[in-house]
Amino acid sequence: MGFFDSNKIKFNEISTQVKEFLVTTYSQTRSVFTTASPFGQILQVLSSYSQLFFLYLENSLIEMNILTATREKSVYGISRIAGHNPTRPISAQGTIKIRVKPGLASELNFSYLNLIDESALLCDNNSLPYFIKLGNTLGSITVNGAVQEYINIKIIQGEIETQTRRGNGQSLQSFTIISKKPIDNENVVVDVNGEAYDVIDSLYDMIKGDKSCLVKTGISGGIDIYFGNEDFGTIPPLGSIINIKYVLTDGFGGNIFSKTDQIKFTWTDEAFANTGEAIDLNEAIVTEIEKPIILGSDGELVEVTKLIAPKTSRSFVLANPDNYISFLSRFNYSYVDAYTTYDDEYIDDDNVIYLFLIPDIEKRLNINTDYFSTNLTNFYLSDNEKEALTSYINKSGRQIVTTELSIVDPILTRYTMNIFLRIFDTADSNTLKSEIINKITKYLLKVTRREKIPKSDLVAIIEAIKGVDSVNVSFISEVNEKAITDGFYIKRVTTFDQIRGIQQVEEVKVNLTTNQDPNLGLDDFGDIKIGLNELPVIRGGWYDRFGNYYQDGIGLSEYSSLNLVIKEVIKETLAVKLMNKNKDEI
């Protein structure tokens with residue numbers, strides 16, 4: 001719904017009233033103002049222009065508000081005014097290890113190889129380009145042919161591209177760089193007449209005379225480059241050569257989470273022996289992954305920009321949980337939360353920012369796996385990912401010195417979902433079950449609710465499927481079933497020792513009475529309750545109180561993570577069809 005309702009402005013009525021006015025005022029017949037006459041054609045043109053004007057006016061009002069805007073250009077532009085720089089895709093980074101193949105140095109009569117910085121290679125498994133980043137001032141690295149020890153080298157996904165501009169000698173010179181693929185959010189290097197310029201976040205961070213510039217996400221794509229003036233930074237001299245080197249990235253697609261030797265690389269650049277001879281690296285060295293190539297992410301979604309732009313810190317520092325949520329949203333996690341514990345009585349961790357991150361499970365699924373069968377390790381970050389993320393935050397220079405970070409692992413709690421159906425006889429049961437499984441899987445992969453998972457969400461999804469008359473959904477909690485089986489459960493109670501001044505967590509045993517159901521993990525409605533740092537998953541691998549074993553996956557005849565049972569098949573009569581039609585129109 002726009003600002004103007006269709007029943008408030010009816011152009012046909014306006015046109016009719018204009019014609020009535022002209023007929024009455026000038027005593028003319030109606031035929032004079034038909035589309036076959038010049039006057040009628042003029043009226044039609046004016047009517048069309050009026051419609052376009054009001055449509056343009058409505059569209060302008062909508063696109064001026066970041067909450068109602070629909071165009072990426074509008075949302076990014078408004079967010080830039082608010083001080084937020086929309087995040088472009090981020091290249092995956094990791095470490096490879098290389099060594100010269102045994103005996104090759106003596107065979108080709110060389111002592112060592114020189115690898116040039118930013119040498120390119122291609123991953124055979126995903127067909128994406130990568131390059132090495134040496135991080136030294138020499139621009140090369142020496143690989144000894146006689147020593148069979150591995151050398152670790154940083155690797156970045158993407159391909160390097162350079163564009164050149166000319167300085168115009170004017171204050172606050174700016175220009176836009178457009179490329180064939182997305183430009184990486186981090187790896188942008190600017191130099192003027194061969195002298196490197198620092199890339200900073202704000203014009204007001206430039207000190208007079210500083211060789212620095214701003215690099216922002218372009219409103220219409222690419223990136224925007226801004227230079228200083230006489231008071232902030234410097235002005236590139238008239239006619240100066242400005243080189244902008246950047247990385248074209250594939251974002252999340254460049255991640256290689258595994259360290260398996262099944263990952264193969266093909267070098268597209270050569271190295272040089274000490275004899276000056278060019279050497280094919282594919283024939284000369286062994287290349288393996290040392291640390292997974294991770295932290296690659298796609299560009300910021302428009303919906304995310306709308307949420308985090310108002311929370312962006314104009315000082316570009318990570319000062320509070322909202323700043324961390326905004327900063328970490330660029331990594332395409334399915335859920336990002338940051339919190340502190342100021343409100344408890346324990347003061348020793350008041351300077352700690354706790355990060356609770358859930359990866360995008362859908363993007364981690366392998367071939368022939370789904371939500372119900374993928375390895376549970378895909379539901380949380382690996383040690384390598386946490387280490388890389390912490391290093392990324394530290395290197396950003398935005399973290400306040402007095403704060404500490406703690407990345408919290410999700411506490412996985414397992415549940416089984418039972419779906420009971422009444423369907424129409426006109427529906428194919430196998431097709432119906434496949435569609436239900438598909439929609440439930442999409443919901444579970446995308447759900448970001450952190451207080452509970454309500455049955456009503458799932459009931460609404462399933463009832464909307466053609467062929468379903470009614471549905472009932474129930475959850476069974478592993479924790480609850482184990483407690484009933486054991487006759488007790490362990491409750492963690494946090495207390496504060498006033499004498500020693502410390503917070504302590506005690507485990508208290510709660511015994512159950514005969515036939516008592518503590519309903520652990522579920523509320524009074526039977527919805528899944530989600531506690532702090534908890535991640536509920538619909539997975540099997542456990543027994544209920546009756547000794548039934550729920551296996552992982554989706555079972556049609558055995559107990560499993562997701563159980564679909566057709567309780568009744570009813571005839572879809574004409575009366576039923578009319579009733580359902582009326583229900584859809586409500």
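So which of THR312, THR374 ends up being within 23 Å of CYS123 (Cβ to Cβ), out of contact with any strand residue (DSSP E or B) (no Cβ under 7 Å at 6 or more places or on another chain) and modelled with pLDDT under 90? Lay out the reasoning, then the answer.
Working: THR312 fails: within 23 Å of CYS123 (Cβ to Cβ).
Of the residues listed, the single one that is within 23 Å of CYS123 (Cβ to Cβ), out of contact with any strand residue (DSSP E or B) (no Cβ under 7 Å at 6 or more places or on another chain) and modelled with pLDDT under 90 is THR374.
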message = I need the helices (runs of 4 or more DSSP H) fully contained in segment 237-348, keeping only those with at least 1 residues that are under 30 Å from ALA82 (Cβ atoms) and out of contact with any Ser or Thr (no Cβ under 8 Å at 6 or more places or on another chain).
response = 302-308, 321-328
inquiry  = Which numbered condition in (1) within 30 Å of GLY77 (Cβ to Cβ); (2) of a type in the set (Phe, Trp, Tyr); (3) surrounded by fewer than 21 Cβ atoms within 10 Å (Cβ to Cβ) is the only one that TYR246 fails?
reply    = (3)
Residue that is without any contact (Cβ under 8 Å) to a residue 40 or more places away in the chain and either touching a His at 6+ places or on another chain (Cβ under 6 Å) or within 19 Å of TYR489 (Cβ to Cβ) (or both), where the choices are GLY531, GLY547, GLY521, GLY555 = GLY547
inquiry  = When you check SER456 against the structure, is it more than 30 Å from LEU520 (Cα to Cα), among the small types (Gly, Ala, Ser), in a helix (DSSP H, G or I) and at pLDDT 90 or above, yes or no?
reply    = no
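Would segment 404-424 turn up any residue that is in contact with a Lys or Arg (Cβ under 7 Å, 6 or more places away or on another chain) and either hydroxyl-bearing (Ser, Thr, Tyr) or within 20 Å of ASN533 (Cβ to Cβ) (or both)?
Initial filter on segment 404-424 (in contact with a Lys or Arg (Cβ under 7 Å, 6 or more places away or on another chain)): 407, 414, 420-422.
After this cut, where a residue has to be either hydroxyl-bearing (Ser, Thr, Tyr) or within 20 Å of ASN533 (Cβ to Cβ) (or both) as well, the list is 407, 414.
For segment 404-424, residues in contact with a Lys or Arg (Cβ under 7 Å, 6 or more places away or on another chain) and either hydroxyl-bearing (Ser, Thr, Tyr) or within 20 Å of ASN533 (Cβ to Cβ) (or both): present.
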ask   = For THR35, all conditions in the list (1) under 40 Å from the mean Cα position of the chain (by Cα); (2) outside any helix (DSSP H, G or I); (3) among the hydroxyl-bearing types (Ser, Thr, Tyr) hold save one; what is the number of the exception?
value = (1)
ask   = Conditions: (1) more than 21 Å from LYS446 (Cβ to Cβ); (2) touching a strand residue (DSSP E or B) at 6+ places or on another chain (Cβ under 9 Å); (3) touching a residue at least 40 places away in the same chain (Cβ under 8 Å). ASN394 meets all but one. Number of the miss?
value = (3)
note = Sole miss for TYR380 among (1) in contact with a strand residue (DSSP E or B) (Cβ under 6 Å, 6 or more places away or on another chain); (2) closer than 30 Å to ASP527 by Cα is condition (1)
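To keep it simple, each residue is scored yes or no on (1) assigned to a helix (DSSP H, G or I); (2) free of Cβ contacts under 8 Å to residues at least 24 places away in the same chain; (3) of a type in the set (Val, Ile, Thr).
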position	(1), (2), (3)
LEU67	no, no, no
TYR76	yes, no, no
PRO86	no, no, no
THR95	no, no, yes
ARG99	no, no, no
ALA105	yes, no, no
PHE110	no, no, no
ASN114	no, no, no
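Of all residues in segment 460-478 being surrounded by fewer than 16 Cβ atoms within 10 Å (Cβ to Cβ) and of a type outside the set (Asp, Glu), which is farthest from LYS509 (Cα to Cα)?
Of segment 460-478, the ones surrounded by fewer than 16 Cβ atoms within 10 Å (Cβ to Cβ) are 460, 463-464, 466, 470, 472, 474.
Still in the list and also of a type outside the set (Asp, Glu): 460, 464, 466, 470, 472, 474.
Working: ALA460: 39, ALA464: 44, LYS466: 49, SER470: 41, ASN472: 34, SER474: 28 Å.
The qualifying residue farthest from LYS509 (Cα to Cα) is LYS466.
So, ILE9, is that one modelled with pLDDT under 75 and out of contact with any strand residue (DSSP E or B) (no Cβ under 8 Å at 6 or more places or on another chain) or not?
Working: modelled with pLDDT under 75: yes; out of contact with any strand residue (DSSP E or B) (no Cβ under 8 Å at 6 or more places or on another chain): yes.
So ILE9 passes the test.
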query = Can you tell me which residues in segment 509-568 are more than 19 Å from THR485 (Cβ to Cβ) and part of a loop (DSSP other than H, G, I, E, B)?
reply = ASP523, ASP524, PHE525, GLY526, ASP527, ILE530, GLY531, LEU532, ASN533, LEU556, SER557, GLU558
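Scan SER79, SER119 and give me the residue that is at pLDDT 90 or above and crowded, with 18+ Cβ neighbours inside 10 Å.
Values: SER79 fails: at pLDDT 90 or above.
None of the other options fit; the residue is SER119.
What tally of residues in segment 170-197 results from selecting those that are farther than 19 Å from PRO86 by Cβ, of a type outside the set (Ser, Thr, Tyr) and assigned to a loop (DSSP other than H, G, I, E, B)?
Step one: filter segment 170-197 for residues farther than 19 Å from PRO86 by Cβ, giving 170-173, 180, 189-197.
After this cut, where a residue has to be of a type outside the set (Ser, Thr, Tyr) as well, the list is 170, 172-173, 180, 189-196.
Still in the list and also assigned to a loop (DSSP other than H, G, I, E, B): 170, 172-173, 180, 193-194.
Qualifying residue count for the region: 6.
Going through GLN173, GLN163, GLN157 one at a time, which residue ends up being surrounded by 15 or more Cβ atoms within 10 Å (Cβ to Cβ) and in contact with a helix residue (DSSP H, G or I) (Cβ under 6 Å, 6 or more places away or on another chain)? Steps first, answer last, please.
Values: GLN173 fails: in contact with a helix residue (DSSP H, G or I) (Cβ under 6 Å, 6 or more places away or on another chain); GLN163 fails: in contact with a helix residue (DSSP H, G or I) (Cβ under 6 Å, 6 or more places away or on another chain).
Result: GLN157 is the single residue among GLN173, GLN163, GLN157 that is surrounded by 15 or more Cβ atoms within 10 Å (Cβ to Cβ) and in contact with a helix residue (DSSP H, G or I) (Cβ under 6 Å, 6 or more places away or on another chain).
Given the criteria assigned to a loop (DSSP other than H, G, I, E, B), touching a Ser or Thr at 6+ places or on another chain (Cβ under 6 Å) and at positive phi, does GLY233 qualify?
Working: assigned to a loop (DSSP other than H, G, I, E, B): yes; touching a Ser or Thr at 6+ places or on another chain (Cβ under 6 Å): yes; at positive phi: yes.
Considered against the rule, which asks whether it is assigned to a loop (DSSP other than H, G, I, E, B), touching a Ser or Thr at 6+ places or on another chain (Cβ under 6 Å) and at positive phi, GLY233 comes out as yes.
Residue by residue through segment 122-152, note down the ones that are of a type in the set (Val, Ile, Thr), surrounded by fewer than 16 Cβ atoms within 10 Å (Cβ to Cβ) and in a strand (DSSP E or B). It would help to see each step written out before you state the result.
First, the residues of segment 122-152 that are of a type in the set (Val, Ile, Thr): 132, 137, 141-143, 147, 151.
In the following step, the residues that additionally are surrounded by fewer than 16 Cβ atoms within 10 Å (Cβ to Cβ) were identified as 137, 142, 147.
If the condition is that a residue be of a type in the set (Val, Ile, Thr), surrounded by fewer than 16 Cβ atoms within 10 Å (Cβ to Cβ) and in a strand (DSSP E or B), then THR142 is the only one that fits.
The values are calculated or read from the model by the stated rules, or taken from the named source; none is laboratory data. Small disclaimer: the values here were computed from a predicted structure and weren't measured. Methodologically, a virtual Cβ is constructed for each residue, glycine included, from the backbone with ideal geometry; neighbour enumeration extends over all protein chains shown.
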